[in-house]
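Asks: Can you keep this structure in mind? I'll have questions shortly.
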Amino acid sequence: IKLIGKDMYDVVVIGSGPAGYVAAIRASQLGLKTACVEDYINESGDMTLGGTCLNVGCIPSKALLDSSHRYSDALNHLDGHGIGIEKVDLDIPVMMQRKDDIVKKLTGGISGLFAANKVVSIHGRGKVLANSMVEITKTDGSIELVETKNIIIATGSSPIQIPSAIFDNKNIVDSTGALEFNKVPKTVGVIGAGVIGLELGSVWSRLGSKVTVIEAMDNFLPMADADIAKDSLKDFIKQGLDIKLGSKLISSNSLKNSVKISYENKEGTHEIEFDKLIVAVGRKPNVSEVFSKDSGIALDDNGFISVNDHCQTSNDNIWAIGDVVRGPMLAHKGSEEGIMVAERIAGKFAEMNYDLVPSVIYTHPEIAWVGKNESELKELGIEYKVGKFPFAASGRALAVDQSTGFVKLISDARTDTILGAHVFGPSAAEIVQQALISMEFGASSEDLGLTIFSHPTVSEALHEAALAVNNQAIHIGNKRK
Ligand code: FAD
Ligand code: NAI
């Protein structure tokens, strides 16, 4: 066992996902001697940084969403443009290679950023011991003990496995397996109509699989605005996704080249066979073997590392950020927590605005929102006004053939302060981001209404929705009193 002395590091970060690597870079920028411990080894046997997001999450899924969208556009959406293509080919290995190349470029980029910022990258498995000591188990089994003034735990999360569908990484796969099919399965079952189910279900459906989504809850996208949930469900069904709500998986049986499942809903018990089954029923925090009992760290009731609003554990020198702590499991949430914690360790004032963490589902059309939706405001007893603008009335949306959906802006009935923005349609994520920036500055819908938007842009729908809040939209018929 090699002991590395106390003066070596101010901060040791465990985990190099979007929470950990960002925390490490900011800590180093602030003059703190920082190391980041990571034990991830990819399919090719290389140690790569970037965590779930870069290796098997946000980035590869978005690469496949883009490729599959182009393919489906070429097949189904060019006729009206007067463009005919005789034959559209699909080369899955090339598509997968493009995705892998993007991942390689970005994960390699983190190594470059670490070097540029003088963050020491340590390959091994980190565990927090008592007295702020980190034990690092290297791949060859050797152990290093590092004394450090501060520890940031950013160990992320992993797919939840359910007893009725044990992953065999062949026919029954998690999200990582679903990013790697080497040919288009004829039929794909997806357990869970959540974010992963919809994004990866869309990928394979666009590429030609018959996709059936089995969702336990009766409600579709309960976390989204109810109008968006309703309209997007109709649209997913139109796109060919067979979404079975209120359906609970009972068992699954992996055969040679397929999976037989049985599920039940109010109509009874059903059996169905798929070539592949993707299980996407949520993720759980990586807390096992991450800290010893005497480290002073505790778990909350949901099994996440227990932290205060500043991501500090009950041990003042130990912090935890990202998917391993409460709040939405989103890359940008983890990164902002990383920045807040690094700045606090450096003695600066730093806060995180948990009320304005945006959510995006990168389907087509996109779904995105920030702030409160109508049901939440009703529950809170806050009176509000709504402005809604359909993309069908947007010149740019029509010109780019993406006129499904709408922008909904919600503001306080009394002060007009914007409380929420909800978008289903083209560039939803970018439009919500514009609303979010204005919300960070405490804008009212009148402020957005007074802002000049370029014409023609799909963002004009946000402008019109802001005007609609006070019945002043130009391009829809407002009710005159
Ligand atoms: P992670 O990214 O999980 O990183 C944790 C790292 O810690 C891992 O590399 C792990 O190997 C390492 N680690 C764990 N234990 C140890 C240990 N003991 N010692 C050393 N290292 C350890 N979010 C978005 O915001 N937008 C998206 O579009 C999006 N798409 C997604 C698509 C998919 C298919 C999936 C699965 C997730 C997606 N997410 C998305 C969620 C996003 O990936 C996570 O919220 C994000 O990666 C969490 O960051 P993190 O740094 O907390 O953890
Ligand atoms: P999720 O929580 O979004 O959805 C899981 C779904 O599975 C829920 O609708 C749930 O009701 C359902 N479910 C649970 N148990 C079930 C069962 N036994 N049978 C049938 N249905 C069942 O989780 P998901 O999709 O696995 O994603 C995990 C997390 O990863 C997300 O919550 C999100 O934080 C993150 N992510 C973010 C993305 C983005 O920002 N675009 C993309 C992908 C993932």
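Asks: Would you kindly calculate the translational diffusion coefficient of segment 285-359, applying Stokes-Einstein with the Kirkwood radius from alpha carbon pairs, for 20 °C and a viscosity of 1.002 mPa s, and quote it in µm² s⁻¹ without decimals?
Replies: Once the numbers are plugged in, D ends up at 168 µm²/s.
Asks: With label points built 7 Å along Cα→Cβ from the Cα atoms of Ile85 and Leu145, find their separation and express it in nm.
Replies: Distance between label points: 6.1 nm.
Asks: Hey, another quick one. Over segment 1-80, how many percent of alpha carbon pairs lie in each 5 Å bin up to the one with the longest distance?
Replies: Computed distribution, short to long bins: 3, 13, 15, 15, 13, 12, 8, 6, 5, 4, 3, 2, 1, 0.
Asks: Hey, what number do you get for the chain at 222 nm if only DSSP H runs of n ≥ 4 count, each worth -39500 (n - 2.57), divided across all residues, to the nearest 500?
Replies: About -9500 deg cm²/dmol.
Asks: Which of rounded, prolate or oblate describes the chain when judged by the alpha-carbon gyration tensor and an a/c cut-off of 1.5?
Replies: Note, shape of the chain comes out oblate.
Asks: If I fit a long axis through the Cα atoms of helix 58-76 and take the longest principal axis of the Cα atoms of the chain, what angle between them do I get, 0 to 90°, rounded to 10?
Replies: Result, in degrees: 30.
Asks: Follow-up. Only Cα pairs under 8 Å and at least 6 apart count here; give the relative contact order of the chain as a rounded whole percent.
Replies: Reported relative contact order: 14 percent.
Asks: For segment 292-363 and segment 19-42, what is the separation of their Cα centres, given in Å?
Replies: If you average the Cα positions of each part, the centres end up 15 Å apart.
Asks: Just round it to a whole percent: the fraction of Cα-Cα distances in segment 128-277 exceeding 17 Å.
Replies: Of all Cα-Cα distances in segment 128-277, 67 percent exceed 17 Å.
Asks: Classify segment 94-192: rounded, prolate or oblate, from the alpha-carbon gyration tensor (a ≥ b ≥ c, eigenvalue square roots; a/c under 1.5 rounded; otherwise prolate if a/b is larger than b/c)?
Replies: Taking the square roots of the gyration eigenvalues as a ≥ b ≥ c, segment 94-192 is oblate.
Asks: Enumerate by residue number the chymotrypsin sites (Phe, Trp or Tyr not before Pro) in segment 316-361 meeting two conditions: DSSP loop (anything except H, G, I, E, B), and at most 14 other Cβ atoms within 10 Å of the site's Cβ.
Replies: Answer by residue number: Phe349.
Asks: Next question, about the same structure. Modelled label-to-label distance, Val120 and Glu379, 7 Å Cα→beta-carbon offset: nm?
Replies: About 4.7 nm, to one decimal.
Asks: Any chance you could check the Cα centroid distance between segment 438-470 and segment 147-214 for me, in angstrom?
Replies: Measuring centre to centre over Cα atoms gives 37 Å.
Asks: Given segment 57-115, report the % of alpha carbon pairs whose separation exceeds 20 Å.
Replies: Here the long-distance tail beyond 20 Å is 43 percent of all Cα pairs in segment 57-115.
Asks: With an 8 Å cut-off on Cα pairs and a minimum separation of 6 or more residues, tell me the relative contact order of segment 179-261 in percent.
Replies: 28
Asks: Suppose each label sits 7 Å from its Cα in the direction of the beta carbon; what would the Ala226-Asp294 distance come out to in nanometres?
Replies: My value for the distance between the label points is 5.5 nm.
Asks: Within a Cβ distance under 12 Å of His69, other residues only, what is the Lys/Arg minus Asp/Glu net charge?
Replies: Counting the neighbours of His69, the net charge comes to -1.
Asks: Can I ask one more? Can you list which of the GluC sites (Glu not before Pro) found in segment 213-280 are DSSP loop residues with at most 13 other C-beta atoms within 10 Å?
Replies: Within segment 213-280, the qualifying GluC sites (Glu not before Pro) (loop, at most 13 other Cβ atoms within 10 Å) are Glu267.
Asks: If you add up the charges near Gly126, with Lys and Arg at +1 and Asp and Glu at -1, over every other residue whose beta carbon is less than 9 angstrom from its beta carbon, what do you get?
Replies: Local charge sum for Gly126: -1.
Asks: If you don't mind, there's one more thing I want to ask. Label segment 388-450 by shape, choosing from rounded, prolate and oblate, from the square roots a ≥ b ≥ c of the eigenvalues of the Cα gyration tensor; if a/c is under 1.5 it is rounded, and otherwise prolate applies when a/b is larger than b/c, oblate when it is not.
Replies: Verdict is prolate for segment 388-450.
Asks: Quick check: residue separation of Asp301 and Met217 times 0.36 nm, minus the Cα distance between them. What number comes out in nm?
Replies: 28.0 nm
Asks: How much length, in nm to one decimal, is gained on full extension between Glu180 and Asp401, taken as 0.36 nm per residue of separation minus their Cα-Cα distance?
Replies: Fully extending the segment from Glu180 to Asp401 adds 76.5 nm.
Asks: Could you point to the residue in Leu436, Ala368, Leu356 farthest towards the positive end of the chain's charge dipole, with +1 and -1 charges on the Cβ of Lys/Arg and Asp/Glu respectively?
Replies: The one lying farthest along the dipole's positive direction is Ala368.
Asks: Among residues other than Glu273 whose Cβ falls under 13 Å from its Cβ, what is the net charge (Lys/Arg +1, Asp/Glu -1)?
Replies: Charge balance in the 13 Å sphere: +3.
Asks: Can you give the FRET efficiency to the nearest 0.05 for His77 and Ala350, using r as the Cβ-Cβ distance and R₀ = 56 Å?
Replies: It comes out at approximately 0.75.
Asks: List the trypsin sites (Lys or Arg not before Pro) within segment 341-443 that DSSP assigns to loop and that have no more than 11 neighbouring Cβ atoms inside 10 Å.
Replies: Counting only loop positions with at most 11 other Cβ atoms within 10 Å, the trypsin sites (Lys or Arg not before Pro) in segment 341-443 are Lys348, Arg414.
Asks: Still on this structure: Full extension from Leu245 to Arg326: what is 0.36 nm times the residue separation minus their Cα-Cα distance, to one decimal in nm?
Replies: Computed gain between Leu245 and Arg326 is 26.4 nm.
Values in this text are rule-based calculations from the coordinates and carry no lab data. Just so we're clear, the structure is a prediction, and the values are computed from it rather than from any experiment. Every residue, glycine among them, receives a Cβ derived from its backbone with ideal geometry; neighbour counts consider all protein chains shown.
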